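Inspection log for the structure reproduced underneath, given as structure tokens.
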Amino acid sequence: MTDVSHESKLPQERRLVTAVPGPKSEELMARKQATVADGVGAVMPVFAKRASGGVLEDVDGNSFIDFGAGIAVTSVGNSAEAVVRRATAQLEAFTHTCVMVTPYEPYVEVCERLAELTPGDHAKKSALFNSGAEAVENAVKIARTHTKRQAVIVFDHAYHGRTNLTMALTAKNMPYKHGFGPFAPEVYRVPVAYPYRWLTGPENCAEEAATEAIDQITKQVGAENVAAILIEPVLGEGGFIEPAKGFLPRISEFAREHDIVFIADEIQSGFCRTGRWFACEDEGIVPDLITTAKGIAGGLPLAAVTGRAEIMDSAHSGGLGGTYGGNPVACAAALGSIETMREFDLPARARQIEQVMKPRLRKLAEQHGVIGDVRGRGAMLAIELVKPGTKDPDPAATSALAKACHQDGLLVLTTGTYGNVMRFLPPLVISEDLLNEGLDVLERALGTL
């Protein structure tokens, strides 16, 4: 792998100098529990002090290998040089005017970059927001006003956000939806091609799932009533599910045949994460609208809806926006993030990460019956944990494995509809040495189950 770790501001090493959590983190956790709502949880009981490259340092001086990247946000590394440089310059110029009051060039520049980078050679326009959920909500608004229809089709295992509409779009009840209803109407859920769990086997998955989904849409909703079909090209919180090859093209074709807006939610999978700029490129999918966030701005809050100009222009003037949407500092950070992605060819680095990690994960699966499936692509990889000899989900083993990794200096995240998937989202600038050391920690942790 090409080494860009010299850009990092911290020693690129795993280092444990206290128990995890250490005393300073424990003190801060007590303060958090006293003043922060209990609904705001934490994956690891440590408090970050610094992060750079492929490591995160806590307030006690422990240095963790980072296989989370802030949930696929700091793909270019924490405090990447171009992100800091551009954001700092913008901070010194001005921090806010509201683009709907007096526009500014960085907003336009980000939209220009999105038009260049997103799939398809058609005329494109964008609108910028603060979060992935905002982007999804606005994509639905745009689709509805364009089609003059109301129904939205989503899929099993989907995750699209935590606002009222996006909770309705999300499949998983706990922790995202439980107790928070009622939810927005006119949302309909259909099957997705989940190869590992398709009853008749992965070889039949794409055709059968697509046929069943289209049949349900046609019979239960009516294609003529559907404004949008919304799907993650690689499902994130649902368990890093790659829909079986052929499923996405079939659904996209159905949408096109019936003048339904096809929306690709690339909030977690976009911006080089899967080895391409956007995951939908893997099967040549050109969405009508694409939503992005997370990796777009190197850690600053920014999101976007990008799509066909004639669809994006359906909303009336003033119908899209928000006080902070497309904040100038976040836009400057996004330009720095994209600069870094281009300079270091981060799609290629994501593919290199896969070449390092996937063979070792598969070997671990051969050695440990608790690993039922290894999947993903680029630097968006996962293992699904089951009770050995079955496909029964094992969330307890997944939780125990994550805790053992944390105790040994590796930051990992769990996910999945059944809480039994461990996902790996390292910064794309991580070194091969750290990748392998992180996998060594994972291997030791598996031995404790």
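The numbers here are math on the coordinates, done by the rules we state, and not lab data. From a predicted model like this one, the values you see are computed outputs, not experimental measurements. Virtual Cβ from ideal backbone geometry, glycine too; neighbours counted across all protein chains shown.
Given the pairs LYS172/LYS294; LYS148/LYS219; LYS294/LYS403, which are separated by over 22 angstrom at their Cα positions? Don't skip to the answer; put the middle values down first.
Working: LYS172/LYS294 20 Å; LYS148/LYS219 20 Å; LYS294/LYS403 25 Å.
Exceeds cut-off: LYS294/LYS403.
An oblate overall shape is assigned to the stretch 19-178, the ratio a/c of its alpha-carbon gyration tensor axes (a ≥ b ≥ c) being 1.5 or greater and a/b not exceeding b/c. In the elastic network of the chain, a GNM with C-alpha springs shorter than 10 Å, the most mobile of ALA34, ALA93, ALA309 is ALA34.
Can you bin the chain into rounded, prolate or oblate? Criterion: square roots of the alpha carbon gyration tensor eigenvalues sorted a ≥ b ≥ c, rounded for a/c under 1.5, prolate for a/b above b/c, oblate for the rest. Oblate shape, in that a/c is at least 1.5 and b/c is the bigger or equal ratio.
Mind counting lysine pairs for me in the stretch 1-136? Cα separation below 27 Å, and the two need to be 8 or more apart along the chain or on different chains.
On the way: LYS9/LYS24; LYS9/LYS49; LYS24/LYS32; LYS24/LYS49; LYS32/LYS49.
Count of close lysine pairs: 5.
Restricting attention to the chain, close to 65% of DSSP beta bridges with both partner residues there are antiparallel.
Counting every alpha-carbon pair across the stretch 287-388, the share separated by more than 18 Å comes to 66%. Normalised by the number of residues in the chain, the average gap of Cα pairs under 8 Å and 6 or more apart makes the relative contact order 23 percent.
When the Gaussian network model of the chain links Cα atoms closer than 10 Å, the mean-square fluctuations of LYS148, LYS219, LYS358 top out at LYS219.
On the basis of the beta-carbon distance and an R0 of 45 Å, ASP259 and LYS32 show a calculated FRET efficiency of 0.35. Among ARG377, ARG50, ARG144, the largest mean-square fluctuation in a Gaussian network model of the chain (Cα springs under 10 Å) belongs to ARG50. Label zone (ASN436, point 7 Å along Cα-to-C-beta; backbone nitrogen cut-off 14 Å) within the stretch 42-64: none. Each of GLU366, GLU207 was scored by other Cβ atoms within 10 Å of its Cβ. Arranged with the fewest first, they read GLU366, GLU207.
Summary of the geometry: the stretch 248-288 and the stretch 326-354, compared by the centres of their Cα atoms, lie 20 Å apart. Here the stretch 82-343 yields Rg over Rh of 0.97, to two decimals, using C-alpha coordinates and the Kirkwood radius. Each part gets one Cα centre, and for the stretch 139-217 versus the stretch 378-425 those centres are 24 Å apart.
In deg cm²/dmol, rounded to 500, what helix-only [θ] at 222 nm does the chain give when every DSSP H run of at least 4 residues adds -39500 (n - 2.57) and the total is split over its residues? Present the calculation step by step, with values, prior to reporting the outcome.
On the way: 13 runs with 158 residues, N = 449.
Result for the chain, helices only: -11000 deg cm²/dmol.
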